[in-house]
Amino acid sequence: MVNFAFLDWFWLFAFIILMLFCGVLFYRLGKRSMADFFLAGRGLPWWLPAASVYATHTATDTPIWVSGVIYKYGLRGIWYTFFSAWCAISAFASTRIFRRSLAYTQAEWQTLRFSGLGAELLRGWIAGWQVFMNMFVLGWVGIAMGKLCRLLFGWPEWIGLILFSSVCAIYVLAAGYWGVVMADFQQGVIALSVIVIVSIWGIVAAGGPNTIIAKLDALGESWRLNPFAFSGVTSGDFPLVWFLTMLVIAVIGGFGMGTAIDWYPEAQRIQSAKTVRDASYSIWSGSALIVIRNSLWAVAILAFFSLYPHIPSTAESEMAWYRLGFEFLPVGLVGFFFAAIVAIHLSTISTHLNLGASYATRDLYHHYFNPKASEKELVWVGRISTLILLLGSFLYGLMMQEITQWLIFALWIMAAGIWLPNILQVVWWRFNAWGYLSSWIANLGFSWLVVWILPEFKVIPVLPDYLQFWSMMVLGALIYIPITFLTKPEDMDRLVKYYVMSRPLGWWKPVREEAVRRGLLKPEDAAVEGEN
Amino acid sequence: MRGIKTHWTAEQADRWTKEDHVTFIISPLIYFLLAIGVTFSLLLKWYGFVILGMSAVLLIVMIKIIDPKLKAISEDYESKQKQYLEDLEKIARWEE
């Protein structure tokens, strides 16, 4: 339990008032059109979406998760957090292609890249899945805040869940993405400042870097200082092949769209940037800040380990970074720390409220239910969708204990087997909607088989996660590659239009030649260096 | 920088060239060096500051390589964006 002084409460209320002010200030901009409510009119300079990328991906559960892996694995744990590196290539590859498509959402992009019934099925599926996913993330992050408030103030969990998400909903409902991104900028600055202050404070409290290193040596734990302390090529808890698999997934994944679950909020930020260049820099720099943040946390958690080594309970060691703040900061700054935690929380909640509403409004309501809807009507549908997501997230949050294991599995199956198809849809002209759809379905079946059913019946042993990934990739390809070749290529008119607009990289030669033949590109474009 | 193109027409910039490929290699390398460099700098190890310095130098190199191209792409593309947005609305409203 933490006792707040007057100054602590002052910081908290001042911050909440500042956030609500955003909603009021940008209310008029947010209600102008659907493009304003969901993309801030596509006119933002790079540093605003960059701050939003950083703030969104710094949630209340992020320091808990990072603390857990660093406390357990030492500096090797940095690589568990390195998945954000997909933005390193994406910023200059898939970001550029996606920004040029102008699609509001990833679901809409499917109908620009593919055509016919397959494209519509994909759009409906991805939109529905994203509405569900955003509601789930809202519940997940919301209940993490509920647990933290119970720990700090002794409140029942539902109060922390409902109170802060509802405060956030006020400015999201009022100003849409304008409110989200402007608040994210302030929240990002506050969160980064506090992460720097608390982490350095923790390092100093542990006696400084030299003392931390000396303590780890004395404890016989100096391996924790080596980020490359592999346990073997394939054996142990940190094998080299896991590290290489992670690098491939993260870095090469940048050529695709949707290879990381974070792609979906990033896609919204990409489209809100005012130019292709701004989109690239926003994604690159926002993720670079995440990489720096993770390193700051890593050293702070090492400091915590030197103070409290060998805590047996994972639940307790996962609170390491929060404990550094609440145990070592002086009175007055504790309230500022909690205000920053609220900032971290609201930035994630606001993004997922607005993002889920964008799929519900643009891809479900506008495209399938009321294509002739006016801009005013669409903004109102956006607000109603936001409210439904908020209420749904309360239900998810309260039942999260029971369903977490299932949903983590659901997240995993959404990622592993469709990693390669998510790249192929960007780089290979012949990959069609039926191939992509079949990869989702095959992935669903194979993930159950490989992860649960076959090991349960002792047909195969329980595979390490990197082997599960490669197995599902190969098994999935045995389904979707034949289906792609057995079904017709996409309509050439649609492919040419998409190519001329988005200029994708990779294997697009027949489409490029057709575009040249139609006079849409110059003849010298027919033979492009390094492309097929 | 020798061998690196710094003046682009819009049509040239639309193509994927060696400047893009070099960026694809440098960019993840910067993230990698940043992760390690920040960590060891906070632990006051001399090599942490060296790695951090290397990431800063590579960042400058990357911007020098890719920025002129991104500028050319952006300027040309923004002039066509209005037409593309109208087409997008037609698809959303089932007019195409």
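The values are calculated or read from the model by the stated rules, or taken from the named source; none is laboratory data. None of these values were measured; they are calculated from a predicted model. Reconstructed Cβ throughout: ideal geometry from the backbone, glycine too, with neighbour counts over all protein chains shown.
Some values worked out for this structure:
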quantity: Hits in segment A:217-251 (condition: touching a helix residue (DSSP H, G or I) at 6+ places or on another chain (Cβ under 7 Å) and within 13 Å of another protein chain (Cβ to nearest Cβ)); calculated: A:Ser222, A:Arg224, A:Leu225, A:Asn226, A:Pro227, A:Phe243, A:Met246, A:Ile249, A:Ala250, A:Val251
quantity: Residue tally, condition more than 7 Å from chain A (Cβ to nearest Cβ), of a type outside the set (A, V, I, L, M, F, W, C) and surrounded by 20 or more Cβ atoms within 10 Å (Cβ to Cβ), over segment B:20-45; calculated: 2
quantity: Any hit, segment A:94-106, residues being under 19 Å from the mean Cα position of the chain (by Cα), part of a helix (DSSP H, G or I) and facing another protein chain (nearest Cβ under 8 Å); calculated: yes
quantity: Of the criteria (1) outside any helix (DSSP H, G or I); (2) of a type outside the set (Gly, Ala, Ser); (3) without any contact (Cβ under 8 Å) to a residue 24 or more places away in the chain, which one A:Phe21 fails; calculated: (1)
quantity: Verdict on B:Ser79 being under 25 Å from the mean Cα position of the chain (by Cα), closer than 25 Å to B:Asp14 by Cβ and at the interface with chain A (Cβ under 9 Å from one of its Cβ atoms); calculated: no
quantity: Search result, residues across segment A:428-465 that are surrounded by fewer than 19 Cβ atoms within 10 Å (Cβ to Cβ), within 17 Å of A:Trp109 (Cα to Cα) and under 26 Å from the mean Cα position of the chain (by Cα); calculated: A:Trp428
quantity: Hey, A:Ile212 in contact (Cβ under 8 Å) with a residue 24 or more places away in the chain, among the aliphatic types (A, V, I, L, M), over 27 Å from A:Asn422 (Cα atoms) and not in a loop (DSSP other than H, G, I, E, B) or not; calculated: yes
quantity: Among residues of segment A:315-333, those that are part of a helix (DSSP H, G or I) and at pLDDT below 85, counted; calculated: 2
quantity: Lone qualifier among B:Ile73, B:Ile91, B:Ile63 - being out of contact with any strand residue (DSSP E or B) (no Cβ under 6 Å at 6 or more places or on another chain) and under 30 Å from A:Ala298 (Cα atoms); calculated: B:Ile63
quantity: Condition broken by B:Val57, with the remaining ones in (1) more than 7 Å from every other protein chain (Cβ to nearest Cβ); (2) in contact (Cβ under 8 Å) with a residue 12 or more places away in the chain satisfied; calculated: (2)
quantity: Test: residue in segment A:418-433 that is under 28 Å from A:Ala144 (Cβ atoms) and either modelled with pLDDT under 90 or in a loop (DSSP other than H, G, I, E, B) (or both); calculated: yes
quantity: Residue in segment A:56-69 that is within 30 Å of A:Ser502 (Cβ to Cβ) and surrounded by fewer than 19 Cβ atoms within 10 Å (Cβ to Cβ) present; calculated: no
quantity: Index of the failed condition, A:Met1 passing every other in (1) modelled with pLDDT under 95; (2) surrounded by fewer than 24 Cβ atoms within 10 Å (Cβ to Cβ); (3) in a helix (DSSP H, G or I); calculated: (3)
quantity: Complete set of residues in segment A:334-364 that are touching a Leu at 6+ places or on another chain (Cβ under 9 Å), modelled with pLDDT of 95 or more and hydroxyl-bearing (Ser, Thr, Tyr); calculated: A:Ser358, A:Thr361
quantity: Criterion (within 30 Å of B:Lys80 (Cα to Cα), of a type outside the set (Lys, Arg), within 28 Å of the chain's Cα centre (by Cα) and away from chain B (no Cβ under 14 Å)) met by exactly one of A:Gln425, A:Gln468; calculated: A:Gln425
quantity: Selection count, segment B:16-34, where residues are free of Cβ contacts under 8 Å to residues at least 40 places away in the same chain and either in contact with a helix residue (DSSP H, G or I) (Cβ under 7 Å, 6 or more places away or on another chain) or part of a helix (DSSP H, G or I) (or both); calculated: 13
quantity: Residue that is without any contact (Cβ under 8 Å) to a residue 40 or more places away in the chain and either crowded, with 24+ Cβ neighbours inside 10 Å or over 25 Å from A:Gly139 (Cα atoms) (or both), where the choices are A:Gly232, A:Gly254; calculated: A:Gly232
